[in-house]
1. Anything in the range 28-46 that is under 13 Å from the mean Cα position of the chain (by Cα) and either at pLDDT below 95 or small (Gly, Ala, Ser) (or both)? List them, or say none.
2. State whether one or more residues within the range 15-27 are under 10 Å from the mean Cα position of the chain (by Cα) and either among the acidic types (Asp, Glu) or part of a strand (DSSP E or B) (or both).
3. What pairs come up if the first residue lies in the range 1-19 and is free of Cβ contacts under 8 Å to residues at least 40 places away in the same chain and at positive phi, the second is of a type in the set (Val, Ile, Thr) and crowded, with 16+ Cβ neighbours inside 10 Å, and their beta carbons are under 7 Å apart, counting only those six or more places apart or on different chains?
4. Return yes or no: is Gln66 touching a residue at least 40 places away in the same chain (Cβ under 8 Å), polar (S, T, N, Q) and over 16 Å from Ser21 (Cα atoms)?
5. What's the total number of residues in the range 88-126 that are of a type in the set (Ser, Thr, Tyr), at pLDDT below 95 and over 17 Å from Cys27 (Cα atoms)?
Amino acid sequence: MTEGRVAVPSLGKGGLECRRSGHFGHCDAFTIVDIKEGKIDGVSAIPNAEHSQGGCLVPVDLLAAQKVNALIAGGMGMRPLMGFQDAGIDVYFDSANPGVKEAVEALLAGSLEKMTENHVCGGGHH
């Protein structure tokens, strides 16, 4: 990825130095990283929205409204994965990098693969 806006589910208030959240839908915040010419160009964070009405598609709508075009996650259910795909947001699988910055650097290095149904979970703890 050389240009775009990446979201990473984060613990606490978010930011590059935060740890990633293991469950994208119930994370505390999303760290939003702007990528320009293959490098980190800006960082912001937004709190996650309430997960009640709209269920697992709430984060899809939240990130689409922020003009995000990529998400890094350690797994998710089929419904949100399809929602992200329908919204034009690529989802990349990463279960190895515990920090937000490390996950983004792995994406920039081209070492993360797009999430497929092989990475889908049943809604447990991803």
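1. Within the range 28-46, Asp28, Ala29, Ala45 qualify.
2. Yes, the range 15-27 contains at least one residue that is under 10 Å from the mean Cα position of the chain (by Cα) and either among the acidic types (Asp, Glu) or part of a strand (DSSP E or B) (or both).
3. As it stands, the answer is none, since no pair meets every condition given.
4. Numbers: touching a residue at least 40 places away in the same chain (Cβ under 8 Å): yes; polar (S, T, N, Q): yes; over 16 Å from Ser21 (Cα atoms): yes.
So Gln66 fits the description; yes.
5. The number of residues fulfilling the criteria is 1.
The values are calculated or read from the model by the stated rules, or taken from the named source; none is laboratory data. Note that the structure is a prediction, hence the values are computed from the model and not measured. Here the Cβ is made from the backbone with ideal geometry for all residues, glycine too, and neighbour counts use every protein chain on show.
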